[in-house]
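Quick notes on the structure that follows.
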Amino acid sequence: MKQYIQLMNEEIKRSFKIYMIVVLAMIVIELASIVAQVMYHARKVENFMELNRVSVAEALKQIDTLGYSEASSFFSYVTLIGMAIVVIYAIQIWYRDWLGETKYIYRLLMLPGSRASIFFSKLTTVFLIIVSFIGIQWCVLQSGFYLFDWLIQPEYQNQSGLSPVRNVMNDFYTMNLIDLGIVLVISLFIVSFIFLLVLIERSFRKGKAVIRIGLEIFVPVALTIGILALLDETRYLLETEAMFLLIGLSLCYFVYIIWKSLRLLQRKITV
Amino acid sequence: MRTYKYVLCLGIVCILTLGVYVVYSSSTEEPTFTVQTLQGTSNDPLVKQLQFEFNDPESYKTNYEVTLKGEVEKKRTNYLSEFVRDYSDVTDAPRSFRHFMSQIELSRYEQDKEVFGLHVNEDGSWDLQSWKRGTEKVQTVSLPKPAKTKGIYYRPFQRTKQKLYVKRIGDVVQKPGSNHIYEIDLKKKAVQLMDLPFQLTEEDEVLAIYQNRVLYRQMPDDAKTRVYLRDHSTATRLKFLEVEDMWDTRVIDEGAVVGMTENMTETKIKWSTYDLRTKQFTQHRFDLPKRDANEVQRHTSAILENDLVYSFIETKKNGTSILVLDAQTEEVRYEGTIKYDMPKSDLQLNGMTIN
């Protein structure tokens, strides 16, 4: 356990600077996007008033008022960028150990004790990064609302749905903690799958690795499509029963991913 | 402690930021609903199954189902439950019936709280299942291929005592026509082609059958829709039933009367009935109490079901007013209001369901 936490601390330490840069950049971009949206909207209204010589009310009838949902539209793009960064990080967290000048992986593999702590320390690090991204994004969304409310002139503001909860991300932040749990479980599943592919690539020679990676992707995809098609064709199970079956199969597959990854790390990967 | 500096740092960021979200989402306030009965009783079997669904825009995946007895059920959906949402409207039925109703090529019909499902098999034979709401009773009937059947599109449209009438609604290319009517005897578990005193065509749609009288509408491709009452060999055109507003018809009194609701307004509920026994057409109207001119009316609806007119009007100030009227006598079966108290947010009424 001590080794696992120490390794995790080391992983976070190695990425902390870049993590801080990414987080700060995202916060700045998002808050700046709100300022820009409010200013752009205000200028649009003023230009319309000048050109058509109409009152604010008439201009707003044509241009429409600005709500927080529209002002926060840039957040969804930043979230997508965040997701892409996590995927890249899940790959980089392994390859940097092999490809770096110091060949850090040899030191890791030579450590006494089980290699499982290497795997789980990396998995937990990526998971913590995901959790922090989700939490920080929510806090920025909340702060963004107060910034929006402070910046915008009251008559330019869309009064219906004036709440920090009604933003562009309300399909993600649904106020239902089960949804948050589902997002985290799916994230963990995807990260574990990426880890498995990386470990396969590191365990076999090029041609064999490509075939095995192809199989690892093709078999679950084909099985899922096959099961869904069979369920749809036979209609033997009701929707809820089919869902429980798929959840059960996904859990089994998750256990397989972890088992296979550990097996590769402990038996196939050598110094 | 310094050895775990970075773990602690990231851990604290996670706990603090996600904690804000967890606290925010678990501290949303709950509304309190008050149901006030002005006339009738909410214990009436045809009234107590009325349910009103309210949605909280602040937490848009949370719905409140309120019955006229004042029972409130909070329903929260999540990604998974939305993925497997059951749209069949028979979620309380036994599994075998739900399984039967989940088939693709199936015709569904409901009358007097009894749900029928009709499936045409590949060999042309019919499978019929019915379930009475509020019970566990499912009736299964397997019927041999009836005479003059073609295609798979058949739909029950009326139940009169132990007889269920089924019309053909087209071939492979769906065309609303019912040139053949079949009669299923639910007691004898038999089906037969009805021997009508005249020949229906592909352009005819039967609305109701009462003894030897057939009310149907003729929908030629290039002409106006016409409604006829056929009695033996004579056909009478009923122009008063050829109004576009009245196209959604329901059988009342086991097919002896046909009812049609019109668009409800904030001042009145209007509907019409046509009695096939007496050939009498009646226009019904119920005036609603006057409301403040500045009171915002949000949602009105009137539907004909179980021989009753169920209607509601939602306003911001007075909540939701509910009226249940007898479709033939206009007598008020139930009148009441549902109000809610939620200071910070404003609920939205999604609609009314009759279970």
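Per-structure values
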item	result
Filtered residue count, segment B:309-338, keeping only those that are more than 21 Å from the chain's Cα centre (by Cα) and exposed (fewer than 15 other Cβ atoms within 10 Å of the Cβ)	4
Residues satisfying the stated conditions in segment B:76-105, i.e. more than 7 Å from every other protein chain (Cβ to nearest Cβ), under 24 Å from B:Glu136 (Cα atoms) and either β-branched (Val, Ile, Thr) or in a strand (DSSP E or B) (or both)	B:Val90, B:Thr91, B:Ile104
A:Leu141 vs. criteria assigned to a helix (DSSP H, G or I), under 20 Å from the mean Cα position of the chain (by Cα), farther than 20 Å from A:Phe193 by Cα and modelled with pLDDT under 95	yes
Condition broken by B:Ala302, with the remaining ones in (1) within 21 Å of B:Leu164 (Cβ to Cβ); (2) small (Gly, Ala, Ser); (3) surrounded by 20 or more Cβ atoms within 10 Å (Cβ to Cβ) satisfied	(1)
Entirely in segment A:1-72, the helices (runs of 4 or more DSSP H) that have 2 or more residues that are among the basic types (Lys, Arg) and either closer than 25 Å to A:Phe127 by Cβ or within 14 Å of another protein chain (Cβ to nearest Cβ) (or both)	A:2-52
The listed residue being under 19 Å from A:Phe145 (Cβ atoms), of a type outside the set (Lys, Arg) and in contact with a strand residue (DSSP E or B) (Cβ under 9 Å, 6 or more places away or on another chain), out of A:Ala42, A:Ala36, A:Ala71	A:Ala42
Residue identified as at pLDDT 80 or above, under 29 Å from B:Lys145 (Cα atoms) and among the hydrophobic types (A, V, I, L, M, F, W, C) among B:Ala235, B:Ala256	B:Ala256
Filter result for A:Asp171 (among the charged types (D, E, K, R), facing chain B (nearest Cβ under 10 Å), without any contact (Cβ under 8 Å) to a residue 24 or more places away in the chain and surrounded by fewer than 18 Cβ atoms within 10 Å (Cβ to Cβ))	yes
Single condition A:Ile247 does not satisfy, out of (1) more than 30 Å from A:Arg115 (Cα to Cα); (2) facing chain B (nearest Cβ under 9 Å)	(1)
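Rundown of residues vs (1) out of contact with any Gly (no Cβ under 7 Å at 6 or more places or on another chain); (2) within 27 Å of A:Ile136 (Cβ to Cβ); (3) hydroxyl-bearing (Ser, Thr, Tyr), yes/no style:
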| residue | (1), (2), (3) |
| --- | --- |
| A:Glu58 | yes, no, no |
| A:Ser72 | no, yes, yes |
| A:Tyr77 | yes, yes, yes |
| A:Leu80 | yes, yes, no |
| A:Ile85 | yes, yes, no |
| A:Gln92 | yes, yes, no |
| A:Tyr95 | yes, yes, yes |
| A:Leu108 | yes, no, no |
| A:Ser114 | yes, no, yes |
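The values are calculated or read from the model by the stated rules, or taken from the named source; none is laboratory data. Remember, it's a predicted structure, so these values are computed and weren't measured experimentally. Note: ideal-geometry Cβ built from the backbone for every residue, glycine included; neighbour counts use all protein chains shown.
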